[in-house]
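This report concerns only the one structure given below.
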Amino acid sequence: MRHKPTIRRLLSLVGILAVFTLLAASCGDDDEEAAPATTAAPATTAAPAEPDPEPEPEPEPEPMEEMDTVVRLGILGECEGAFGAFHEDVVGGASLPFITFAGGTSNSPTSALEGFSGAVVAGVPIEVVGIGCGDDTPDRIIQEVRKIVEQDGANVVIGPLSGDESIAVANYAKDHPDVTFLNGIAGAQETTMVVQAPNFFRFNGDGAQWNAGLGDILHNVAGWDTAAVIADDYSFGWTSTAGFIAEFCAVGGDVISRVFPPLGTTDYSSFVQQLPDPDEVDGYFWAVGGSGTNASLEAFLAAKGDLTGDQHAGNLFFSPALAAALGTDIAGAYVGGFATLPGDVTSPAIQEYLASAEAAWDSLVSPMSGMEPGSPAAAAGFGFFYGFYSSGLAFIMALEQVGGDLSDNHAALRDALANIQIDGPYGTITLDENRQAIVDTSVQQLVLNDAGEVVSQTVALIPAVDQSFGGTFSPQTPPPDRENPVCETRDLPWAGNAIPVVDGVPQG
């Protein structure tokens, strides 16, 4: 059996200096029974009175021990729809912190979907009571969260994955103040900026935050003056595109076309035809995700000709895996977001994180392994896995800080969550007043290595990007959609100030 780091090891990693222990006490009733009172016999010969009926026993109080001292964890996974291939990744990400830092054991060496057992934080057992099966739609995720909360009895939920799902779950959270919700990796801006559920916490950036730095590089380094965007027609696609548009226009670029195919489209030919031709625009920004990424790019090849890296950029769904379907001409493209975490930037913390996944499972089935049993570390190096991991890690830290106190609708726990700082393997995470993450992000470029293979190379780091995106967005501005944000110049704090990365080494 592999040795697992204790929670004190976790706290030393993140700078938490004190660990509280939950004390449980019980007391019995020491009162003695009073002797029954006696009365004198009556002087008459009248029949004796009927004896008083036996008093009804008082009902036993409902047991409260489980409610107060057990975390019943539900995980909102994604087993169908455009992101169904990532089900194992997200459940694994939510599970790994409890295996690594809370003494849990994976119930299967080859599948995270079997859950874990034996985890305890500050004396509080962690029980997995349900794993939801989302399909990227709000209706389905509400069915799943209702089952997990209202039937399975979850009092803590980690998830979901997709943007529209998270808006629905955040609104559901407002009606269930006794449950604490931690977002999985969904990146719609509206989830936290507009809904603002007091019991919903997001420890990952939204789609706009993930694209910080990309518009600046494309305009001022790659030389794009004009761009067209094509993105999934739902809240995350709009948010991701909003980050690119806001920054590209802020530094002097112009977005001349916006095309939004529905999420889950299979034939993109009519949408690609709406884009300007390659000689009419400097470049294209793609925010088509899941199963649609390759399909949309192949439609471009068929309709517009060559797909070259100097004229294309994308959000998190662009990855070296594209080369397998599209060829090596995609080398040179810049990528915003987090999908392939900056693997060329290494540190002891990153190495320890990836090793913890290898210690938890022998193999995991993941898109990172072509949907075959593969390296758990490869799955852990993908952003969907890491988003769920960050939420589980934050929850463990907060529960330890409050000594396992789940009383008063988790009041102490939620206060701790709101003020947690995660010094994680891929950067520092804190929350703003809306319980939304302030994150470090990166810009990567697809390049050819010595073997002629397309790999991802980090070119810049942008620290501490907040959800307002340098003052661009607020609850009072129109949320991202097909027309917003408008294209306008403005000052952004990181424009021209990103930290360059050379051969995996940050230069500042």
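Every number in this text was worked out from the coordinates using simple rules, so none of it is lab data. Every value quoted in this text rests on a predicted model; they were computed, and no experiment measured them. Cβ sites come from the backbone with ideal geometry, for glycine too, and all protein chains shown count toward neighbours.
Side notes on the structure shown:
- Dipole in debye (nearest 20) - the stretch 144-186, about Cα centre, beta carbon charges: Lys, Arg +1; Asp, Glu -1: 60
- Net dipole in debye of the stretch 235-389 [+1 Lys, Arg Cβ; -1 Asp, Glu Cβ; about Cα centre; nearest 20]: 380
- Span-rule helices in the chain, defined as complete DSSP H runs reaching 20 Å or more along the axis (Cα) with Kyte mean at least -1.0: 87-101, 235-250, 383-401
- Base-10 log of normalised Debye intensity for the stretch 263-349 (one unit scatterer per alpha-carbon) at q = 0.12, 0.16, 0.18 Å⁻¹: -0.37, -0.62, -0.77
- From the coordinates of this entry, Cα extents along the principal axes in Å is computed, and it appears in [x] 79, 45, 41; [y] 119, 46, 41; [z] 103, 58, 38 under the label [y].
- Over the Cα atoms of the stretch 374-455, the radius of gyration divided by the Kirkwood radius equals 1.14; this is the Rg/Rh ratio.
- Kirkwood-type radius of the stretch 188-304, with distances r between different C-alpha atoms, in Å: 15.0
- Here the contact order of the chain, divided by its residue count and restricted to Cα pairs under 8 Å and six or more residues apart, works out to 18 percent.
- Within the chain: Cβ-based charge dipole about Cα centre, in debye rounded to nearest 20 (Lys, Arg +1; Asp, Glu -1): 1480
- Kirkwood hydrodynamic radius of the stretch 252-399, from the reciprocal of the average inverse Cα-Cα distance over all distinct pairs: 17.3 Å.
- Cβ-based charge dipole, the chain, positive-most Cα from Tyr268, Phe101, Ser162: Tyr268
- Mean residue ellipticity (222 nm) of the chain, computed from DSSP H runs ≥ 4 via -39,500 (n - 2.57), nearest 500: -8500 deg cm²/dmol
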